[in-house]
Amino acid sequence: MIALHDLRRLHQPYRNELLKALEETLDSGWFVLGDRVRAFEAAFAAACGARRALGVANGTDALEIALRAAGVSTGDHVVTVANAGGYASCAILACGATPAYVDVDAESMQIDLDALAAALTRRPRAVVVTHLYGRLAPVEEAARLCADAGTALIEDCAQAYGARRRGRHAGTCGALGCYSFYPTKNLGALGDGGAIITSDDGFAARVEALRQYGWNAKYHANERGGRNSRLDALQAAVLLVKLRHATAEVARRRAIAGVYQTQIANPATIEVPARGGDDDAVHLYVIRTKSRDALAAHLMRHGVQTDIHYPMPDHRQPAYAARSSPVQDLPVTERLVREVLTLPCHPGMTDEEVLHVVAACNGFRA
């Protein structure tokens, strides 16, 4: 079976580096924040082209803390998309705010700029732009629209480590960029982890307080909305090792995407996206088909695991629907969630496995 992700295979080449990092952290006796977290934060900020990076417990906490740092609170509206798995929605609702959904572009599957411009006329408190599947959204244009409207822009970069456009990395166009280090991400920990990047010292100070009870000094809580969301030193040690290999791993993802793009040739049933440029870190390789269930079953019979990212839009989720406010109808979003299917695309894949996926796709008949 060709797995959608294979983390054992991924870590094997640098297993000894990871074990050494874990052993050194164990011997240090310091496991939450501390020197290793500071070292990773500095290295990660430099890799992303940001002034500061602040480690938190996971990517969803990163979004929530970033929203709070931007002043989002009860009763506010935050614009986002509904096809990105619910993570932004969860963070918005945790702040007591209301998600206001806009539609996405039919080709890129990223936020639609015309829909965003219309939503900004309602003066939302913030906008969360998700770089879906690792491909940069039109964030420069979104940043200009938000600046004109006086609205904070937060980038959800959970899937986009390694993506850049005109020299700017994911997370550096908005006020704050939020990363997840969930194990399957392009830069993944051995457990949960996340970070917020920013080049604004004021935002950095708020995030630093909010991730630890709202403290501005030990046991002195001055910042409202503070919580316990700190990056473990063990995960920071792991991430320092994996950061050294991340560029090569993203390059491998792009190479696999290039094979899929040029060699999957079944246009009657499979729409293959153009993927893998500098602005695309190819966290997930997502095709579109009107015969999704049949294609997924066909691929499974041929030993290829697939998944759906994501099968239900946020505004249809029972837990969110009553607490959200679609700005408009979302016809593109509704269509996409019925058509998307994710193929294996990870750095541990062999060339033979990639070509097997290609052959299985090309052999499908609806």
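The values are calculated or read from the model by the stated rules, or taken from the named source; none is laboratory data. Bear in mind the structure is a predicted one, so any value in this text is a computation, not a measurement. Remember, those area values only see protein heavy atoms, side chains included, never the ligands or the DNA or RNA. Shrake-Rupley method; radii C 1.70, N 1.55, O 1.52, S 1.80 Å.
Length gain on complete extension for the stretch Thr74 to Gln261, per 0.36 nm per residue less the alpha carbon to alpha carbon distance?
Numbers: separation 187, 0.36 × 187 = 67.32 nm, distance 4.47 nm.
Difference between extended and current length: 62.9 nm.
Solvent-accessible area per residue for the chain at a 1.4 Å probe radius, Å²?
Numbers: 15350 Å² over 366 residues.
Heavy-atom SASA per residue in the chain reads 42 Å².
Remind me, relative contact order of the stretch 187-297 in percent, using alpha carbon pairs under 8 angstrom and six or more residues apart? Present the calculation step by step, with values, prior to reporting the outcome.
Working: 104 pairs, mean separation 21.1, N = 111.
Here the relative contact order equals 19 percent.
Which percent of the accessible area of the stretch 9-83 is formed by carbon and sulfur heavy atoms (probe 1.4 angstrom)? Please report the intermediate quantities before stating the final value.
Numbers: 1770 of 3380 Å².
Summing carbon and sulfur atoms, their accessible area is 52 percent of the total for the stretch 9-83.
Would you mind calculating the gained length between Ala39 and Arg301 on full extension (0.36 nm times residue separation, minus the Cα-Cα distance), in nm to one decimal?
Details: separation 262, 0.36 × 262 = 94.32 nm, distance 4.62 nm.
The Ala39-Arg301 span can extend by a further 89.7 nm.
For the stretch 106-156, what % of the accessible area comes from carbon and sulfur atoms, probe 1.4 Å?
Details: 850 of 1910 Å².
Carbon and sulfur together cover 45 percent of it.
Which translational diffusion coefficient, to the nearest whole µm²/s, is obtained for the chain from the Stokes-Einstein equation, given a Kirkwood hydrodynamic radius over C-alpha pairs, 25 °C and 0.890 mPa s? Provide the component values of the computation, followed by the final result.
On the way: Rh = 20.9 Å.
Roughly 117 µm²/s, to the nearest whole number.
When only C-alpha pairs under 8 Å and at least 6 residues apart count, what is the relative contact order of the stretch 84-190, in percent?
On the way: 164 pairs, mean separation 20.8, N = 107.
Averaging sequence separation for qualifying contacts and normalising by length gives 19 percent for the stretch 84-190.
Starting from one equal scatterer on each C-alpha and no solvent at all, send me the Debye-based log10 I(q)/I(0) for the stretch 1-51 at q = 0.27, 0.30 Å⁻¹, two decimals.
-0.98, -1.02
Could you tell me the relative contact order of the stretch 14-160? Use alpha-carbon pairs under 8 Å, at least six residues apart, and round to a whole percent.
For the stretch 14-160, the relative contact order is 18 percent.
If you average the C-alpha positions of the stretch 150-193 and of the stretch 218-258 separately, how far apart do those two centres end up, in angstrom?
10
Counting only DSSP beta bridges with both residues in the chain, what percent are antiparallel, rounded to the nearest 5? The partial results should precede the final answer.
Values: 23 of 39 bridges.
If I count the DSSP bridges inside the chain, around 60 percent turn out antiparallel.
Just the Kirkwood number for the stretch 193-340, please: inverse of mean 1/r across all distinct Cα pairs, in Å, one decimal. Before the final figure, lay out each step's value.
Details: mean 1/r = 0.0505 Å⁻¹.
Taking the inverse mean of 1/r over all distinct Cα pairs, the stretch 193-340 comes out at 19.8 Å.
Give a residue-ordered list of calculated ³J(HN,Hα) values for the stretch 229-235 (Karplus: 6.51 cos²θ - 1.76 cosθ + 1.60, θ = phi - 60°; whole Hz; x for Gly, Pro).
Along the stretch 229-235, the couplings run 8, 10, 7, 6, 5, 4, 5 Hz.
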